[in-house]
Every structure is written in C-alpha cells, then in structure tokens.
Amino acid sequence: MVPQRKIFTVQNLAEKLKQAKAFVLTDYSGLDVAQINELRREVKKSGGEFEVVKNTLLRLAAKTGLPRIRQLTDLRGPTAALWLYSEDLTPLKALSNFIQKTELPKISGACSFRIKLGFWQGEMISPERIKELMTLPSLTELQAKLINTLKSPTFGLVNSLNWNMQKLVLVLNAKIKNQNAK
C-alpha cells in the first residue's frame, strides 16, 4: 500500500508542473542543509521555489501533471527543483549568485552542484541554455534600462534648450564683470 504522504507529494508536484512557467532540475550534492536552506530563502525572496525532490515521485508527477514531459525518465542521483512561476528570471539569478558566492566542493576539478535539465514553457532546454539565461538581466533591470533609455532624449533636449539661456547668463555676467573692472 502506498503511503498517503507520497500520493499527496505526487499530486503537489503535478500541480507545480502545471503552474510553473519554467523549472530547473539540479544535482545538489555537495551542499549541506544550511546551504540548501539559505538557497531556499534567496530563491523565495526572488519569487521562485527551491525544493529537494525524489526522482521516482517527480517521474510519477510528470506522467500525471504534464504528459508531454517524458524526458524525466533518466533522472539519477540527488535532485532538487527550482520552480519559476512567472516570466521573470530573478530566481535563476538567485541560483546563479548562490553558486558563485558559495564555496562548493570540487569533484575532479568541477563543481559538484550542477544543472541536470530544465523546461521553459513546456519545452526542454539544455544546461548550457539555462546558464545563458542565468546571465541575462532580470525583468526589473530591463525595465530600469528601458526607462533610462526613454528618459535620455528628454534630458538631452532639456539641456540643449537650457544651454542658450546659460550661455546668455554667462555673457551677461562677463559683461557685468567687465563694467565693474573699469
């Protein structure tokens, strides 16, 4: 008989698969509990969710939640999922920042924490593509850049219009100084 908590976990994972815009599966070996909890907090602050999952339960959830995801059959080793519920890549940036700032043990010269695979809107993406997405600016950074780009012509116009008045003031001040010097 299957324990009720496993059934609940599979249903929960299936629901997350349906709701998530994207998710990334990682191998978290080399992280201790404190580091995983810190990563969870950072990802949660950025609007995502990071959790350790069992491979067999994730496979079952994929069959019931999203039947088009069949690539989950070759999962091996410890697996953690990073869930992104919006188009914003901030949770991916949080994962990237955590990997960069944390001293993770090396296995044969490479970091033991690795990305297994990912899905973006139902399509599988490679670990290399995920790493590219990690380097992209977040949605708020892009919005700030857009606002600055839109504001810069206005500032240039204001400065151009003010320059003639400033030039006139400078000429008048010089004229006053010349008259006071005489």
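List of remarks:
- Loop sites in the range 75-182: chymotrypsin sites (Phe, Trp or Tyr not before Pro), DSSP, at most 11 other Cβ within 10 Å: none
- Helices meeting the span-like rule in the chain (full DSSP H runs, Cα extent of at least 20 Å along the helix axis, mean Kyte-Doolittle score of -0.5 or higher): 139-181.
- For Kirkwood radius over Cα pairs in Å, the candidate list reads (i) 16.6; (ii) 18.7; (iii) 19.9; the entry that matches the value derived from this model is (iii).
- Greater than 24 Å apart at Cα, pairs in Lys18/Lys44; Lys63/Lys116; Lys145/Lys167; Lys93/Lys145; Lys21/Lys116: Lys145/Lys167
- Cβ crowding within 10 Å averaged over residues, with 3-14, 141-152, 37-48 ranked highest first: 37-48, 3-14, 141-152
- Potential lengthening of the chain between Lys145 and Asn12 amounts to 44.1 nm, from the contour at 0.36 nm per residue minus the alpha-carbon distance.
- Between Leu168 and Arg114, the simple label model (points 7 Å from Cα in the Cβ direction) yields a spacing of 7.1 nm.
- Ser152/Lys131 FRET efficiency (R0 45 Å; Cβ-Cβ; nearest 0.05): 0.90
- Taking amide H as placed 1.01 Å from N in the peptide plane, the amide H of Ser29 sits under 5 Å from that of Arg114, each at least 5 places away or on another chain.
Computed from the coordinates by the stated procedures, all read-outs in this text should not be read as laboratory data. Note that this is a predicted model, so its numbers are computed, not measured. Glycine gets a Cβ as well: all are built from the backbone with ideal geometry, and neighbour counts include every protein chain shown.
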